[in-house]
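Comments concern the structure below.
The values are calculated or read from the model by the stated rules, or taken from the named source; none is laboratory data. Everything quoted here is computed from the prediction, not taken from an experiment. Ideal geometry is used to build each Cβ from the backbone, glycine not excepted, and the neighbour counts take in all protein chains shown. Protein only, heavy atoms only, side chains kept; ligands, DNA and RNA dropped before computing areas. Shrake-Rupley method; radii C 1.70, N 1.55, O 1.52, S 1.80 Å.
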Amino acid sequence: MRRAVSDMAANATIYIFGDCTLDTGLYELRRSGERVPVEPQVFDLLVYLVENHERVVTKDELIGQIWPDRYISDGALNTRLMSARRAVGDNGEEQRVIRTLPRRGYRWIADVEVSVAGARPDASPDVIAGAHDAQLTQRIEFCRAADGVRIAYARSGEGPPLVKAANWLSHLDFDWNSPVWRHWMQELSRGHTLVRYDERGCGLSDWDVPDFTIDAWVRDLEAVVDAAGVERFALLGISQGAAVAITYAVRHPERVSHLVLCGAYSRGWNASARSREELDERQALLTLTREGWGRDNPAYRQIFASFFIPGASGEQVRWFNDLCRISTSPENAVRFMEEFSRIDVDDLLPRVTAPTLVLHARNETRAPFEEGRKIASIIPGARFVPLESANHILLEEEPAWGVFQAEVRRFLATTA
């Protein structure tokens, strides 16, 4: 199903239906002229159905074309179909674009105008890179930390190594196609070999572990980069992963070429809380987590997601809720939050020698803006970039994501 980069860029087909344009060369869906973000698999599903609009496509055929090497449940397929319908302004009741034929399959029924663009003289390097992103794959492997804990790590993309220190709420397989994280994987794998991993107690790594400390998290990072065979690399730390990245950069300065920190904090809330009320709020969240983690509880989902992605769509909140449930246990969630409260790497900041870029959302609440500003003011020579966002995890649709992309690309292109 996935086309070669050269074929997609040079022999693009544009499908026009209703107020939508589906462009296989740009790998882009637009409605009323506005770009509609869609997951790669949802885009592929739309393309396959519209390419075969003159006939019924069976469920088995659709799965075989879009997911040739994976088992996909009926529920997962239905979720992708709902996303596809929503993206083109359709729904399961009206079925004006995609019709479900019980026990037979699916049929594209909207009128379609087809335009073969041929060679695209305007195809820029960014278009080619976008086509590469659409075909992005990852390879998941395992290694052992110093204390024997099994750590899952993944590689994607090609080029100089970029290692992402693990941050909470990851699952290498599940978040690969997440509308919350997928654009991160695409961007960080563009022109780099991205190495990322699930920290202990989370995702595909071992959950039953005795040591939940920042020293253990740093040893996990050491094990991953050694197993992946990368000697000198750029290092990215997001959220509490920033403290791990800072610690690693101080312990192994010869191996870190660039240090990128986003949504970072050097002290956990137990040390940095500015009032008794703030401490009480955090303790209340701990209690809520003990009671609500893993449950399909809309009230808990909204409260917890609002800390990380207050600007999220309904679909993104649902994905985030599912990620919470499958990424770790309620017991480990509480252990993580308790250990995060104890983080304190302030004394390491003046000892960072790697070129450093610090980016921080101005209006987020998970890690206060002042934390990022403080880190940048203490690390020697660090550059600080404020981001106009309230999201702890930057979403693809917001302008701050474009700023992040441009700043990080420019920074990583500099010679250390």
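Do the conditions hold for G89, that is, is it in contact (Cβ under 8 Å) with a residue 24 or more places away in the chain and open to solvent by 20 Å² or more (accessible area, probe 1.4 Å)? Here the answer is yes, as G89 does meet what is asked. Go through segment 403-416 and report how many residues are open to solvent by less than 40 Å² (accessible area, probe 1.4 Å) and touching a His at 6+ places or on another chain (Cβ under 7 Å). Going through segment 403-416 one residue at a time, the tally reaches 2. Criterion applied to D220, D215, D208 was being open to solvent by less than 10 Å² (accessible area, probe 1.4 Å) and over 21 Å from P355 (Cβ atoms), and the one residue passing it is D220. Given A249, A234, which one is hydrophobic (A, V, I, L, M, F, W, C), crowded, with 19+ Cβ neighbours inside 10 Å and touching a His at 6+ places or on another chain (Cβ under 6 Å)? Of the residues listed, the single one that is hydrophobic (A, V, I, L, M, F, W, C), crowded, with 19+ Cβ neighbours inside 10 Å and touching a His at 6+ places or on another chain (Cβ under 6 Å) is A234. Among residues that are touching a residue at least 12 places away in the same chain (Cβ under 8 Å) and either part of a helix (DSSP H, G or I) or open to solvent by 10 Å² or more (accessible area, probe 1.4 Å) (or both), L22 is not included. Taken over segment 364-402, the criterion of being farther than 27 Å from V250 by Cα, open to solvent by 40 Å² or more (accessible area, probe 1.4 Å), at pLDDT 95 or above and not acidic (D, E) is satisfied by A390 alone. When restricted to residues that are part of a strand (DSSP E or B) and touching a Cys at 6+ places or on another chain (Cβ under 7 Å), segment 136-174 contains 2. Is it the case that H171 is open to solvent by 40 Å² or more (accessible area, probe 1.4 Å) and either modelled with pLDDT of 95 or more or in contact with a helix residue (DSSP H, G or I) (Cβ under 7 Å, 6 or more places away or on another chain) (or both)? No. The set of residues in segment 175-201 being out of contact with any strand residue (DSSP E or B) (no Cβ under 8 Å at 6 or more places or on another chain) and either assigned to a strand (DSSP E or B) or closer than 22 Å to F233 by Cβ (or both) consists of D175, W181, H183, W184, Q186, E187, R190, G191.
The residue pairs whose first member lies in segment 48-73 and is within 19 Å of Y15 (Cα to Cα), whose second member is open to solvent by 40 Å² or more (accessible area, probe 1.4 Å) and part of a helix (DSSP H, G or I), and whose beta carbons are closer than 9 Å, counting only pairs six or more residues apart or on different chains, are Y48/E61; Y48/Q65; N52/E61; V57/Q65.
Scanning segment 245-273 for residues that are modelled with pLDDT of 95 or more, closer than 14 Å to D346 by Cα and of a type in the set (G, A, S) gives A245, A249, A264, S266. I'd like to know if segment 155-166 contains one or more residues that are of a type outside the set (G, A, S), open to solvent by less than 10 Å² (accessible area, probe 1.4 Å) and modelled with pLDDT under 95. No - not one qualifying residue is present in segment 155-166.
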